[in-house]
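Visitor: First the structure, then my questions, so here it is.
The values are calculated or read from the model by the stated rules, or taken from the named source; none is laboratory data. Note that the structure is a prediction, hence the values are computed from the model and not measured. As a convention, Cβ positions derive from the backbone with ideal geometry for all residues, glycine included, and neighbour counts pool all protein chains shown.
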Amino acid sequence: MYSIPAELVTEGMAGSLTLVRAAELLAGGGFAVLPLTSEPTKRRPKVDASKNAGAVLGKGWQHKTSTDPETLTAWFTPAPTSTAKLGDAEKLPPDWYRPVPFSTLGIGVHVGPDVVVADIDSPELVPAEMWQYLDKVPFQSSSGTDAKRGHYYFGLPDSGEFFFGQTSAIRGGAGELRHGNSIVVSAPSAHSKRGLGRRYRWVRGGIVESMPLAVAAWLQSERKVATWNGGELTVCEASWADIEEIRETFTTASNPEILAEHVDHLARMCDDHGLHAGLLPPLIDLIQMAVCGFVAAADALDAAEALFVGMAVTPRSGPGWTGNIRTEEQARGEFWDALKWAAGRVEAKLAVSADWVRYETSEFVGDIYGVAVSPLPKPEGWVGETSSEVDEWPPLDPFRAPPPPLPLDGLPSVLRSLVTEAAEALQVSTDLVLNHALGALSSAPYGTVKCRVRPGWEVPLNLAVMTLAKSGELKSPTNALVMRPFDQLETERRERDHDTALDRAGEIEALTAKLESAKRALKTVPTATTPASGSHFASVAATGSGYIEVAALQREIVRLKGKHLRWSAILDDATPEVVGVRLASTYTGATLMRSDETNIFSHIAGQAHNGGGTEKAKVYLMGISGDPIRTDRLSRDEVYVDNPSLSLALMMQPEVFESTLRNSPLLVDIGIVPRFLIVRPASKVGSRKADPPPVSNTTEHGWHTAVHGIATAAEAHVNRVLRNRAVEAAAKGTTVPVRQVEPRIIVIDAAGWELLRAYKDRIEPELGKNGRLEAVRAWGGKSTAYIAQIAALFTLMDDPVATVVDNVYIAVAEKLIDGYALHQLAVAEVPTEAAAEAVWARLGDLDDAKFDADGYLKLTAVRKLIQNQTWFKNAELRNRDELLRHALDSLESRGYIKTEVGKRQDSLKIRRRPDCA
């Protein structure tokens, strides 16, 4: 019986848990433990070794883990000084193969064959019905910002035939499974990503109970069945511990010269068949060559990884090239995933017959590379099938899971309640609600506030946000809920505008009547015949004053009929011309455009394609950034706005967005797309509750009150400026000018600027060449301003008349922008993935009877399947086949389909992967 002692939780929370104490408690709960270190190994000198099980104990670490109190004391007792390397001045602790600084030590739990640990990295991808089980078992948190992220401990299920690999992906992308000879890092170890807010802390102890069958069915590892030498192989992913053991064990290299030739072969395979499909077969051969002593394993795997990563991050021209450029991090992740399956294949073959593996590899090396090897006797039962021919399908590269949810910690309480309750009520992602709410909230100040980041740098508070969500993701209900207080405001403002218009019409009517009376009076003024008489001068005076009155009345009527400003400021999607006119007609140059299915990019892209250039885009470019807009054409309404404040709260389908960008890259080049905060929320379709609780009245009222509080302060500012202008005009005897109201200033103080400066210093290298954010450099260059804008908005939620930004919210906004950066990268780096997913959604669900006897479907049939999908239907006719081909290439490179070209140009046939249909 295994358990997690309660002391791990209480002492961890108190900050008094030491490594040796944690080791003793874990051992008391039945778990063998081992020392870990963050100090890199010689083989990987730049890589944090915190999760390398053999980094301290070396080869065969799984046989050296311990529960012995004396051993644990020797392992985890501090050296005489905190920086000294254990073993430098004394004998190494038991089983250690190298000295490391005590300050780098961590503690690992050897999971063992009777325990399964679910390492949840993406809680939003966990099926909702699983939390009733996960929330009851022993749990160690691995994040300081996401309370659900971490390690959940189960015993083996009591019944049922379930298979758990040592380290394998959890279905749906929620995380990884750990079992058998794998490890889990335990508190109080330092997290390798502690700079990103990650840390280990025990939250819940207790008995490690048997896994419920429902959980086992979800967590069981993926297995692949392949053929080899006339029989079947059951293959699962190798663990990282297995791969490290391969690297450390197989160091002999009898023929190191063939490594370069084999790496060249790997490159040709990737060029011809695509990076993913071409990688696995030569990688299997390479591992077998290392196991059999022809090349050193570590050198071989490092060379293959460097080659693959270099190809993945660079545009190429081979027939297998799909146009999908990876980041270095993505490329390494793809290589490591394939490496685990390749190592798993070799392990499965060795388990059947090591003699067969040695014979197969010797024959392969001799035939392919001409290496003279001592002939081996043909083993009994050998048929003669090579490892490169084993797999009919490459390992599946699942569609990339959406980025982690935007952090909610530190949000104003009203906004956080709205986001969490609305997401639960509608059964949508919190990202969907939060992003749309931020776009709407940015319109509440009505253009009356600018944030002074530092002297000479002021930014308006309006934001442009775009949420990418598929049809059926409840975009419309989300839009309706978030916009409710804005709809009420707009109704009130439209009524006010209507009343003002009626008053103006009545005043014009009264002045017109007065004007006609004055004109008639001019005709009846008597004329004296004698210039010197008094009546003559009286007549002249009366005539003069009459003309003055007529002129004044005419001027006033012209003014009332001329340009006037309005309070109404909301548009439900519109053309650029309409947006420009609305910006020019409000009291402050503020407008909110909202839509749950926008076509804004189509408007801009269509005009550019038709010869309109980027002229129409200027309304959005300048409206979002707050730069003056000047448009004065005879054939159109004048647009003249000094301080535009265009807020955009928009939604659209991801495949429509990405196909638009593919056809119109100009949208990125001219700066439209980089001005948006874009999220692609995780879908909850398939795990939604039938009857969730609604948003509480308290939360709806709080959101309404916060929005109206900011709006009321904004209107008070406008009215105050208008009154002052009226007073000044009256004093001067002039007409009140029809001019938009200038915004007031909310400042970031010196301490706040230091926070922003530290952020700028941190992010600047990431925007450079080969930096993490190079692909979204244009967006990243604006991210400091986004932080200031969001922090100022949050400050106004607390105090609508605040004059200084709350520095706490600067830190909160910085975390939000770090989250947004991951979404921006996902959108920038996966330009065909949404379309590929949309195609697979139809192919994967198609009945087998629709395919021919060999399992293929014609391209024309695929076109018919997707002809009504918005991304395909709205594309120009000449671009549709190219878009479809890009989607199919993406599916094939990921292992979802295979294509075959017939004799005719249009005879492409598609075969879908059988274990995914």
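Visitor: Take segment 345-368 and flag every residue that is within 23 Å of G165 (Cβ to Cβ) and either of a type in the set (D, E) or not assigned by TED's automatic domain parsing to the domain that holds L280 (or both).
Guide: Scanning segment 345-368 gives a single hit, E347.
Visitor: Also, I was wondering about something else. Can you name the residue in segment 789-817 that is among the hydroxyl-bearing types (S, T, Y) and assigned to a helix (DSSP H, G or I) and is also nearest to the chain's Cα centre (by Cα) among such residues?
Guide: Top of the filtered list is Y809.
Visitor: Any idea which of A480, A440 is within 22 Å of the chain's Cα centre (by Cα) and among the small types (G, A, S)?
Guide: So the residue among A480, A440 that is within 22 Å of the chain's Cα centre (by Cα) and among the small types (G, A, S) is A440.
Visitor: Of all the residues that make up segment 556-592, how many are of a type outside the set (S, T, Y) and out of contact with any strand residue (DSSP E or B) (no Cβ under 8 Å at 6 or more places or on another chain)?
Guide: 11
Visitor: Among strands (runs of 3 or more DSSP E) lying entirely in segment 128-213, which contain 1 or more residues that are among the small types (G, A, S)?
Guide: Counting at least 1 such residues, we get 139-141, 150-155, 167-169, 175-186.
Residue-by-condition table, conditions (1) within 30 Å of A128 (Cβ to Cβ); (2) among the acidic types (D, E):
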| site | (1), (2) |
| --- | --- |
| V656 | yes, no |
| I670 | no, no |
| V673 | no, no |
| P681 | yes, no |
| K689 | yes, no |
| T699 | yes, no |
| E715 | no, yes |
| R725 | no, no |
| A729 | no, no |
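Visitor: Out of the residues in segment 207-230 that are under 14 Å from R345 (Cβ atoms) and over 35 Å from the mean Cα position of the chain (by Cα), which is surrounded by the fewest Cβ atoms within 10 Å (Cβ to Cβ)?
Guide: Ranking the qualifying residues of segment 207-230, first place goes to T227.
Visitor: Moving on to the next point. State all residues of segment 262-305 that are of a type in the set (D, E) and closer than 25 Å to D355 by Cα; if no residue qualifies, say none.
Guide: D285, D299
Visitor: I'd like to verify a number: residues in segment 36-56 that are under 14 Å from N181 (Cα atoms) and either part of a loop (DSSP other than H, G, I, E, B) or at pLDDT 90 or above (or both), how many?
Guide: Final tally of qualifying residues: 3.
Visitor: Read through the list (1) loosely packed, with under 14 Cβ neighbours inside 10 Å; (2) touching a helix residue (DSSP H, G or I) at 6+ places or on another chain (Cβ under 8 Å), then give the number of the only condition that V707 fails.
Guide: Result: V707 passes all but (1).
Visitor: Restricting to helices (runs of 4 or more DSSP H) lying wholly in segment 219-297: which have 3 or more residues that are closer than 30 Å to D889 by Cβ?
Guide: In segment 219-297, the matching helices (runs of 4 or more DSSP H) lie at 258-273, 275-291.
Visitor: Follow-up. Under the condition of being among the hydrophobic types (A, V, I, L, M, F, W, C) and either surrounded by fewer than 14 Cβ atoms within 10 Å (Cβ to Cβ) or in contact with a strand residue (DSSP E or B) (Cβ under 6 Å, 6 or more places away or on another chain) (or both), which residue from segment 492-515 is modelled with the lowest pLDDT?
Guide: Checking each candidate, the answer is A501.
Visitor: If T251 meets every condition in (1) free of Cβ contacts under 8 Å to residues at least 60 places away in the same chain; (2) more than 21 Å from E39 (Cβ to Cβ) apart from one, which number is that one?
Guide: Exception for T251: condition (2).
Visitor: Could you list all residues from segment 89-127 that are touching a Pro at 6+ places or on another chain (Cβ under 8 Å), more than 29 Å from P402 (Cα to Cα) and not in a loop (DSSP other than H, G, I, E, B)?
Guide: Once the filter is applied, which keeps residues that are touching a Pro at 6+ places or on another chain (Cβ under 8 Å), more than 29 Å from P402 (Cα to Cα) and not in a loop (DSSP other than H, G, I, E, B), segment 89-127 yields F102, L105, G106, I107, G108.
Visitor: Checking M13 against (1) in a helix (DSSP H, G or I); (2) touching a strand residue (DSSP E or B) at 6+ places or on another chain (Cβ under 7 Å); (3) modelled with pLDDT under 95, only one condition comes out false. Which one?
Guide: Of the numbered conditions (1) in a helix (DSSP H, G or I); (2) touching a strand residue (DSSP E or B) at 6+ places or on another chain (Cβ under 7 Å); (3) modelled with pLDDT under 95, the odd one out for M13 is (2).
Visitor: If S388 passes every condition in (1) modelled with pLDDT under 90; (2) assigned to a loop (DSSP other than H, G, I, E, B) but one, which one does it miss?
Guide: (2)
Visitor: Kindly check whether there is at least one residue in segment 732-749 that is of a type in the set (S, T, Y), without any contact (Cβ under 8 Å) to a residue 60 or more places away in the chain and farther than 28 Å from T803 by Cα.
Guide: Yes, segment 732-749 contains at least one residue that is of a type in the set (S, T, Y), without any contact (Cβ under 8 Å) to a residue 60 or more places away in the chain and farther than 28 Å from T803 by Cα.
Visitor: Continuing with the same structure: Hey, can you tell me all the residues within segment 270-281 that are buried (at least 21 other Cβ atoms within 10 Å of the Cβ) and either of a type in the set (D, E) or more than 32 Å from the chain's Cα centre (by Cα) (or both)?
Guide: Hit for segment 270-281 is P281, nothing else.
Visitor: Check off (1) of a type in the set (K, R); (2) buried (at least 21 other Cβ atoms within 10 Å of the Cβ); (3) out of contact with any Pro (no Cβ under 6 Å at 6 or more places or on another chain) for R744 and give me the number that stays unchecked.
Guide: (2)
Visitor: Next question, about the same structure. Select from segment 272-295 the residues that are over 13 Å from V365 (Cα atoms) and in contact with a Pro (Cβ under 7 Å, 6 or more places away or on another chain) and write down the one among them that is modelled with the highest pLDDT.
Guide: L280
Visitor: Continuing with this model, one more query. Within the set of pairs 6 or more residues apart or between chains, which connect a residue that is under 13 Å from V291 (Cα atoms) inside segment 340-369 to a residue that is among the basic types (K, R) with Cβ atoms less than 6 Å apart?
Guide: Between residues of segment 340-369 that are under 13 Å from V291 (Cα atoms) and residues that are among the basic types (K, R), the close pairs are V357/K349.
Visitor: A follow-up question, please. From the list L489, L474, L415, exactly one residue is over 19 Å from A821 (Cα atoms), under 23 Å from the mean Cα position of the chain (by Cα) and at pLDDT below 95. Which is it?
Guide: L474 is the lone residue from the list that is over 19 Å from A821 (Cα atoms), under 23 Å from the mean Cα position of the chain (by Cα) and at pLDDT below 95.
Visitor: Moving to a separate point now. Please go through segment 414-462 and pick out each residue that is among the small types (G, A, S) and touching a residue at least 12 places away in the same chain (Cβ under 8 Å).
Guide: S417, A422, A425, S429, A437, G439, A440, S442, S443, A444, G447
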